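The values are calculated or read from the model by the stated rules, or taken from the named source; none is laboratory data. Everything numeric here is computed off the predicted structure, so don't read it as measured data. Cβ placement follows ideal geometry from the backbone for every residue including glycine, while neighbour counts extend to all protein chains displayed. When the accessible area is computed, the model is the full protein with side chains, heavy atoms only, and any ligands, DNA or RNA have been set aside. Shrake-Rupley method; radii C 1.70, N 1.55, O 1.52, S 1.80 Å.
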Amino acid sequence: MSDLSATFEQEGWVTVHQALSSSDCDDVLAQIPQGLQASVGQRSLLNQDWCQGLAMHLKKQRSLAALMPNAWRPVQCTYFQKSTQRNWLVPMHQDLSIPVAAKVVDDRLGPWSVKEGGLFVQVPIDVLRRLVAMRVHLDACGQADGPLRLVSGSHRQGMLDEAETAVLRSAAAPCLLA
């Protein structure tokens, strides 16, 4: 596990194969409402039982323990259903906004936005450095499925402007899972 931790620290991402078994993935897929499966996705799902159950299941996984802070807790659950038939381009970007319960006055926060009825804000880089995004593939993701692209080490570069982000595009590696 120390190799995974070292890679995660250096690269900013790591692939953990089989954090969920095929049976676990099938169970999660069976719990996702059909309306959601037929849509392109949604980002505010943490209040749903299936999503809370998935988060708690992942929290118990020994393969993830060394990668996550001891007292980690989920703050957002997003579901996207991309495929060769339903795909869309997402420009190269950094995820800088986090969901919050309420707006507070603080010069370090902003801009504020509302997404799917939820309040989001950009926070200082020291807050972002304490967050970990966990991506769970419930099925295979090939090149034709519009995979997420990751730039190794970019988590150490702080907030990038558009020009800096564009330069990194050629270094982005697809997140492919068979």
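With all projection directions averaged, the alpha carbon convex hull of segment 1-66 covers 5.4 nm². Cα centroid separation, segment 85-101 to segment 1-51: 16 Å. The C-alpha atoms of segment 74-115 occupy a region whose extents along the principal axes are 44, 22, 16 Å, arranged from largest to smallest.
A compact globular protein would have a Cα radius of gyration near 2.2 N^0.38 Å; the ratio found for segment 40-178 is 1.13.
In terms of overall dimensions, the C-alpha atoms belonging to segment 36-86 reach 38, 24, 14 Å along their principal axes, ordered largest to smallest. Rounded, prolate or oblate for segment 112-160? Axes are the square roots of the Cα gyration tensor eigenvalues, ordered a ≥ b ≥ c, and the cut-off for rounded is a/c under 1.5. It comes out oblate by the Cα gyration axes. For the chain, what does the accessible surface come to per residue with a 1.4 Å probe? Please give it in Å². Per-residue accessible area for the chain comes out at 66 Å². With all protein chains in place and a 1.4 Å probe, the accessible surface of the chain carries 53 percent carbon and sulfur. For the chain, modelled as a GNM whose springs connect Cα atoms under 10 angstrom apart, the maximal fluctuation among L131, L109, L45 occurs at L109. Between S21, Q61, M92, whose Cα lies farthest towards the positive end of the dipole of segment 15-173 when Lys and Arg beta carbons carry +1 and Asp and Glu beta carbons carry -1, centred on the Cα centre? Value computed over the given set: Q61. Sorting 67-79, 94-106 by their mean Cβ neighbour count within 10 Å, with the most densely packed peptide first, gives 67-79, 94-106. Rounded to the nearest 20 debye, the dipole size of segment 23-173 about its Cα centre is 260 debye, using +1 on the Cβ of Lys and Arg and -1 on the Cβ of Asp and Glu.
A Förster distance of 25 Å, applied to the separation of the beta-carbon atoms of V105 and V75, puts the FRET efficiency at 0.75. Contact order for the chain, expressed relative to its length and based on alpha carbon pairs under 8 Å spaced 6+ residues apart, stands at 24 percent.
Couplings 3J(HN,Hα) for segment 168-178, derived from phi with the Karplus relation 6.51 cos²θ - 1.76 cosθ + 1.60 (θ = phi - 60°), are 6, 3, 5, 8, 6, 10, x, 8, 9, 9, 7 Hz, where x marks Gly and Pro.
Taking 4.7 Å between C-beta atoms as the pairing limit, the chain has these partnerless cysteines: C25, C141, C175.
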